[in-house]
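Before any comments, here is the structure.
The values are calculated or read from the model by the stated rules, or taken from the named source; none is laboratory data. None of these values were measured; they are calculated from a predicted model. Note: ideal-geometry Cβ built from the backbone for every residue, glycine included; neighbour counts use all protein chains shown. What goes into the accessible areas is simple: the full protein's heavy atoms, side chains included, and nothing from ligands, DNA or RNA. Shrake-Rupley method; radii C 1.70, N 1.55, O 1.52, S 1.80 Å.
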Number of protein chains: 4
Amino acid sequence: MASPRSLVDKFCPLPSKRERRKEARPGELLAAALDLFVEKGFAATRSEEVAVRAGVSKGTLFLYFPSKEELFKAVVIENLGGRFTEWNAEFEAFEGTTPEMLRYCMNVWWERVGLTKASGLTKLMMSEGGNFPELAEFYREQVVRPGHDLLRRILQRGIDRGEFAPVDIDHAIYSVVAPMVFLMLWKHSAMVCVDGVSTLDPEKFIATQCDTVLHGLCVRPGSPA
Amino acid sequence: MASPRSLVDKFCPLPSKRERRKEARPGELLAAALDLFVEKGFAATRSEEVAVRAGVSKGTLFLYFPSKEELFKAVVIENLGGRFTEWNAEFEAFEGTTPEMLRYCMNVWWERVGLTKASGLTKLMMSEGGNFPELAEFYREQVVRPGHDLLRRILQRGIDRGEFAPVDIDHAIYSVVAPMVFLMLWKHSAMVCVDGVSTLDPEKFIATQCDTVLHGLCVRPGSPA
Amino acid sequence: MASPRSLVDKFCPLPSKRERRKEARPGELLAAALDLFVEKGFAATRSEEVAVRAGVSKGTLFLYFPSKEELFKAVVIENLGGRFTEWNAEFEAFEGTTPEMLRYCMNVWWERVGLTKASGLTKLMMSEGGNFPELAEFYREQVVRPGHDLLRRILQRGIDRGEFAPVDIDHAIYSVVAPMVFLMLWKHSAMVCVDGVSTLDPEKFIATQCDTVLHGLCVRPGSPA
Amino acid sequence: MASPRSLVDKFCPLPSKRERRKEARPGELLAAALDLFVEKGFAATRSEEVAVRAGVSKGTLFLYFPSKEELFKAVVIENLGGRFTEWNAEFEAFEGTTPEMLRYCMNVWWERVGLTKASGLTKLMMSEGGNFPELAEFYREQVVRPGHDLLRRILQRGIDRGEFAPVDIDHAIYSVVAPMVFLMLWKHSAMVCVDGVSTLDPEKFIATQCDTVLHGLCVRPGSPA
DNA sequence: GATGAATGAGCCTTCATTCAT
DNA sequence: AATGAATGAAGGCTCATTCAT
């Protein structure tokens, strides 16, 4: 009688080792690229390094991504740009007050981006964007604009529901974005620390900044969130 | 007999036009280097560009600075590291209350560094420090440590005079530094702006952060500065 | 007892669709290779392109031809080298006068080679032969020598039969070959045409050159062919 | 008293060895490039080879020519394109009959181009033009068009002076160009020779073709030139 | 047999640095 | 002191060929 194993093999054939590699490859390359781009920057990362860290040869990288720039774009999409549909959906489904929503938004961003390597991409673009205009444009389109749009809708919701004062939304967006960007920069800059000691507590910082922002936005100061 | 002129020449020799240029050379090179390093980053700035912008030839640059790294160090000293003696002296001479002193310190930093190109050096080190460990170490030694030392002395003075609560000084330093670093990064990152619109008002931002910090430091909250 | 069908299968096995494809494979590859070699040259044609145009994968190409060079040799044999037995046979069977024979020979060459893509191989060898000595040697052996041999026999026949003057045959060969080579080069060189206009009429050109050659060869000038 | 030598040195300072190299460099590089392009083709010639043959390093080549394509263009200008002003001037000054002029033109072309390495450039463009459209366009503009223009003027002169029948000039141009192009191709194609023996006599070939052309052009056949 | 993922040698180009003048 | 011609190591990318499936 056939063993359970062989039944599985017959009806649910596992991909061969090679096939498994092939399907995993783009992900491995993107992961290696994220690591290295965040660690060394775009220009200073050599294509071959990315390949080697992903466990393949130079040529293989170019089998999956036609150039270093396209590789970078894919990394941006994978880690930031491609996740806005999900985030936007969460926003549409949110049912609490808008101050709660904003606080949730900032916390979630910190957890899902700020704390991860993806935050290094923002720092990278701020550093090297000027030297790679096409990448900068791509990043603005895929990350900055969707992010601002999401915040704009949140702020507009607060105003529409009478929770926020009718402030200048474009201005208010930066009040929200600024501390988050700051944290991402801070996190990726060993520079600011002497002896490796950083005494900034991100969660507390976020909470404080959130209070400040809501304090400024809410119609009845003193009762945010 | 010597003419009056020759006497002057002997004892108070005015540099000839050529000599004056010669002495100005390093300054012009440092200025050009600061411009370009801030604009494009350390790695992306080509030595020849610096020379050309300074109006000299590639060879001349290496006559004054033995390598691009040494040039960068000189730029750091010229614009940041070398000015701490002056700033420390101002601190020693300051006679007001310590909260006033701290506020003065932050405002002065913004005027003399934040607003100038020198602020780009901080952003640069945060971006590229990881790729150039020797430069990073140099910057920490010449800029970060003296800066922290100065702040430490200010905070200690406040505590010693009973103006500040006896907080953890190392921690408090970052509360002061963080907004300044943030502003420098912000200023040099076109990236964060969509459509070129940035709505952050640095002076107001500084003032607010200063209030917050003092609020946290002062023994009698509500009466800072 | 074997069914009628199986008898047929045994003695006149029709290739299955798969088998037919298998046997056609080299032909499709050779056709694709001819196209591309002629269009872009040997070095500039990528193996994968050939495979793709033939509708197979890169690996399959190397299954049939161990290298790009061998593929090229096969193309040469298929289109030029391998046809000399047939052409030689026609020569042996020809019964007219030798001037008629020569004129026929040139016309036939133009129809069967000059007008077809195969003519591009000659141009290709003239262009790239120097960079691929082994291919050049192969081409000389398989195409140039048999061609010259055929012409030599024709010229010799004319002399033997008293139709041609006893000229230096090796020299005369080139008089015949030159215009044909010229036409093949011309045809594959868009370069010589300004505004895409080429005003050379190949058939007329051949006829003229043939007249000229025969004029020089025939014992009684004025009565060629 | 100063020796004659020192006088020369004083008033006609010879360039230093380095300066002499510098001025000679572009020419040496162009010569090396012409050699190699003609010998191996454009694509198959490696930049470094050109540099080495010119006695310099890889980097130096790019000091004088920003890319391989620009180097090639410079070679074309130097050897073909840039000489049309001179050739056009000769044409303007020519005082004989137009048939004489045409014959002179073909002979001179053979001496100054056909016999030299420059003729290899024509063969090269015919071979690789399709793979390098920008170079092809450049060559057409700089060489083909001026060449045709010159011939057009000659033919027009003959027609205007009643020496040539009023033929279709564009068509006639090719009758003149064809044998010259053919010779250039022939010369650079070892391929057509078995055992290295080519029995084509270029001068005689040119003369014959010239006769043929003039025979077709002249109003009174039989009295060309 | 057929596939196509993987390899790595090779090529064009850049740029910090050197050094003869 | 000043110049700028020269160098050569390094990096992005291509493509013929191999081989596990």
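Here are some notes:
- For the criterion of being more than 30 Å from residue B:141 (Cβ to Cβ) and either at pLDDT 80 or above or open to solvent by 10 Å² or more (accessible area, probe 1.4 Å) (or both), residue A:175 passes.
- Screening the range A:31-46 for residues that are buried (at least 20 other Cβ atoms within 10 Å of the Cβ) and more than 14 Å from chain B (Cβ to nearest Cβ) and picking the one that is nearest to DNA strand E (Cβ to nearest atom) gives A:32.
- Of all residues making up the range C:115-137, the number that are more than 7 Å from chain D (Cβ to nearest Cβ), hydrophobic (A, V, I, L, M, F, W, C) and over 17 Å from residue D:122 (Cα atoms): 5
- Only one of the numbered conditions (1) surrounded by fewer than 17 Cβ atoms within 10 Å (Cβ to Cβ); (2) at pLDDT 95 or above is violated by residue A:13, and that is (2).
- In the range C:64-75, of all residues being in a helix (DSSP H, G or I) and not aromatic (Phe, Trp, Tyr), the one that is most open to solvent (accessible area, probe 1.4 Å) corresponds to C:70.
- Of all residues in the range A:25-52, those that are farther than 20 Å from residue B:128 by Cα and in contact (Cβ under 8 Å) with a residue 40 or more places away in the chain have Cβ atoms under 6 Å from Cβ atoms of residues that are away from DNA strand F (no atom under 15 Å from the Cβ) and part of a helix (DSSP H, G or I), 6 or more apart or on another chain, in A:30/A:78.
- Residue that is buried (at least 21 other Cβ atoms within 10 Å of the Cβ), away from chain C (no Cβ under 14 Å), under 17 Å from the mean Cα position of the chain (by Cα) and part of a helix (DSSP H, G or I), where the choices are D:87, D:109: D:109
- On the stretch given as the range A:91-106, residues that are closer than 18 Å to residue A:144 by Cβ and either of a type in the set (Ser, Thr, Tyr) or under 16 Å from the mean Cα position of the chain (by Cα) (or both) total 2.
- Test for residue A:163: is it at pLDDT 80 or above, charged (D, E, K, R), farther than 17 Å from residue A:122 by Cα and surrounded by 15 or more Cβ atoms within 10 Å (Cβ to Cβ): yes
- Matching entry among D:59, D:55 (being part of a helix (DSSP H, G or I), without any contact (Cβ under 8 Å) to a residue 40 or more places away in the chain and within 16 Å of DNA strand F (Cβ to nearest atom)): D:59
- Residues (part of a loop (DSSP other than H, G, I, E, B) and farther than 11 Å from residue D:72 by Cβ) located in the range D:31-46: D:44, D:46
- If you check B:78, B:49, B:28 for being within 16 Å of DNA strand F (Cβ to nearest atom), in a helix (DSSP H, G or I) and either more than 14 Å from chain A (Cβ to nearest Cβ) or hydrophobic (A, V, I, L, M, F, W, C) (or both), only one passes: B:28.
- Put simply, of C:103, C:140, C:157 the only residue that is more than 14 Å from chain D (Cβ to nearest Cβ) and at pLDDT below 95 is C:103.
- Which numbered condition residue B:95 fails, given (1) part of a helix (DSSP H, G or I); (2) at pLDDT below 95: (1)
- Tally of residues being at pLDDT 70 or above, surrounded by 14 or more Cβ atoms within 10 Å (Cβ to Cβ) and either within 30 Å of residue B:124 (Cα to Cα) or polar (S, T, N, Q) (or both) across the range A:187-223: 12
- If you go through the range C:137-177 and keep only what is without any contact (Cβ under 8 Å) to a residue 12 or more places away in the chain and not charged (D, E, K, R), you end up with C:144, C:159, C:166, C:171, C:174.
- Scanning the range B:53-63 for residues that are open to solvent by 50 Å² or more (accessible area, probe 1.4 Å) and away from DNA strand E (no atom under 11 Å from the Cβ) turns up B:53, B:55.
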